[in-house]
Structures are given as C-alpha cells and as structure tokens.
1. For the rotation taking chain B to chain A, which residue of B has the Cβ nearest the axis, and how many Å away is it?
2. For the range A:51-172, what does the relative contact order come out to in percent, with C-alpha contacts under 8 Å and a separation of six or more?
3. So how far apart, in nm, are the two label points at residue A:115 and residue A:95 if each is 7 Å from Cα heading toward Cβ?
4. Show that you can apply the helix-only estimate: for chain B, add -39,500 (n - 2.57) for every DSSP H stretch of four or more residues, divide by all residues, and state [θ] at 222 nm to the nearest 500.
5. I'd like the distance separating the alpha-carbon centroids of the range A:14-36 and the range B:15-81, in whole Å.
6. In degrees between 0 and 90, to the nearest 10, how far off the longest principal axis of chain A does helix A:95-110 point, with axes built from Cα atoms?
7. Going by alpha carbons, how many degrees (0 to 90, nearest 10) lie between the helix axis of A:61-78 and the longest principal axis of chain A?
8. Starting from a label point 7 Å past Cα on the Cβ side, list the distances from residue B:9 to the same position in the other copies, nm, shortest first.
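Nothing in this text is a laboratory measurement; each read-out follows from the coordinates by a stated rule. All values derive from a computational prediction rather than experimental measurement. Note that we place each Cβ from the backbone using ideal geometry, even for glycine, and neighbour counts take in every protein chain shown.
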DNA sequence: AGTTTAGCTGGACGGCGTACAGTTGGCCAC
DNA sequence: GTGGCCAACTGTACGCCGTCCAGCTAAACT
C-alpha cells in the first residue's frame, strides 16, 4: 500500500503493473494480497483518511466543519491521482469515511440541524463540494490549470456559503 | 458523434472500438474524422451543451441561474458516461461551454455581483457543485446508489445555499 | 482519361487488468 | 531430520484498450 501511494502520487493513474514493477515482482503476485485494483484503491483511500484530524467535542460547530472540510479538501489536493476513484466511490464507504460522516453529523446536530434527513443533505452537499472541487482542480493531466491560491480561495468561499445555508436551515 | 452518444449512453465508458463496431467499421477508421478518443469526447460534450436553454435577458437573475444550473445538472445526470470526462475537462472549454459561462456572468452581474473575480469564483463554485454532484451520483458502475428524488432535492438545496451566498456577496 | 484524395482495411505495438496452473521456500508436526 | 503444508511468487495467456503505419479502393475533380 505504501508503494501504491508512491506510484499514484508521482503522477498518472495507478496501475497494477506499476506497483508490481516498483516492488520488483510480477503483476499478478499482487492478487494474493489485494482484491484487484479497485480493492487496492479502496484500501489506500481509506488508509489515507486516517490522517484527517477529527474535531474535538468542544469545537464550535461551524469552525469544526470548516476545519474538517478544509482538511479533506487539502488531502484530496495532495493526492490528485486517487480523486477519480474517490469520486466513483461516492466519497468512499470505508470505515474511516463513516467515522468522518459521524463526526460531521454530530457537528451539524450541535449546530442546530437535528433532523436526520437534513443532516444527510448537508453532509452530501459538503462532501460533493470538497470532492468536486478537488476533481475539477486535478484536471486531465494531473496538473491543475488554475492558480492554487485562487483555487483554495474559491473553495473556502463556497464552503462558507454552504455552511451558512446549512446551519441557518437548522434554526427552528 | 450520434453513435458515440448512443454508445456511452447505454452503459460503460466510451471506447473507440465500440463506436467503430456499431458503425460496422474498423476502429482506426475513426481517426480520419476525430482527433483521438479525447477529441471525440470533447466534441460530443460540447455538442450536448447546445441543448441547454440560455436564459432570456428579462429573467430574474436568481431564477435564471437556478434554471441554468438545474438544466446543466439534469443534462449530466442524463449522460453519466461522460461525466468523468466533463470533470477532467474542468467543465469543458468548448465554444458552448464558454457561451454558458458568459450567460452566468451576465446573470451574476445583473444580480449585483459586478466584480469580475467574484463572478469567476461564483461560477466556479456553481459549476463544481453541478459537476461534482452528477459525478458522485453517477457512481462506479453507472447506476447511482442514491434515490434520484433525494439526489435532486439535495442538489437543489445546495444550489439554493450557494446562490444565496453568491448573490448576497454582491450587495453593496 | 488521368490524377488526386478521402475514407477505409489489415496488421501491429505497447499497455492494461486479471485468471490459471505450476513452482519455490520457509515453517511446523512428527 | 524428514515429510508435508501452504503462502507467495512466476510464467503464460486471454481479452480488452488507444493508436500508428502502410496500402488499397473508389469517387471526385481537371
């Protein structure tokens, strides 16, 4: 998995043969350890999510959500190679992803959004914003065409709008 | 191009060989008419955008933006096969895409957002929301795991939040 | 009638994910 | 110490992919 991360970090899409080659091993040897390419990507993805800092229970909901979503966005920007897979997986269904979902739900609840369906909507919108922004930023060839600073600024702006809408919707 | 649309509409990703096969033609024959697979996708994509109705100059800005973005979203949902390409192309840089960008800019301007950079940010955020939502909805196997009604509802909610933020930002 | 040329074919190259069968080498029970 | 087990690996192959090259053919233009 470490090698897989290496491979997809320094360019292009992850290929079994690339991982195997870097390990000095035949490509099919990987299949003893991993459930195909998708499985490998899933594993790398969920492993990566471990790095995200969960907000403490004392944090202000809006600040906590901002921090969490910004960290997610940064993480995706740092690993553009697996963003497409992240998109296809609809935000990943791994253990860590669900942990993050629960953290978001809790923050929303403390922010006044008590209805479960409303929480689901807010979570989906926020996640889509993070994933979508990173995906568009990643571009075709891996190198974003847009200035990174502008990119982060527009992401932050969108996030602010969404959070204002989401948290306001929970009042009453 | 019509055949290409057929192919990627009824499942899976578009392959040159599939298009050629459906045309009763050798795969390499396509290269006389199209600049590779990417070129074909670009052409199909931009052609598809022609179908989007431009808002009239009398429309209320918020309503116009809502209609335009909803139509875009629906169009992407209707053709999940090319959403990944749309993502990679950062919303497409074709002629029609630029026409739509101009329409959005004009609506924003009339909605009180006069600063050009602010317009760019708003456009980017709105487009990312539409593309991202459709991309996540498309899922891995082409069949979305989420109920379509819920999907549209959450998209509409996010869009409302974003527009409120974008248009309010233009006041003063 | 002769020449150009658009549009095709056959074949090939390199790359991909992955399945199947067979080999190897370390570990454990006896 | 020796026999057997088994995880990990290799060799090979299949079927897919995008794409390039050289050559053919038939229609269009001069």
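1. So the closest residue, with its distance, comes out as B:132, 1.
2. Dividing the mean separation by the residue count of the range A:51-172 yields 34 percent.
3. A separation of 3.5 nm, rounded to one decimal place.
4. Roughly -21500 deg cm²/dmol at 222 nm, from the helical runs in chain B.
5. So the two Cα centres are separated by 36 Å.
6. 10 degrees
7. Its long axis makes an angle of about 20 degrees.
8. Values, ascending and in nm: 4.4.
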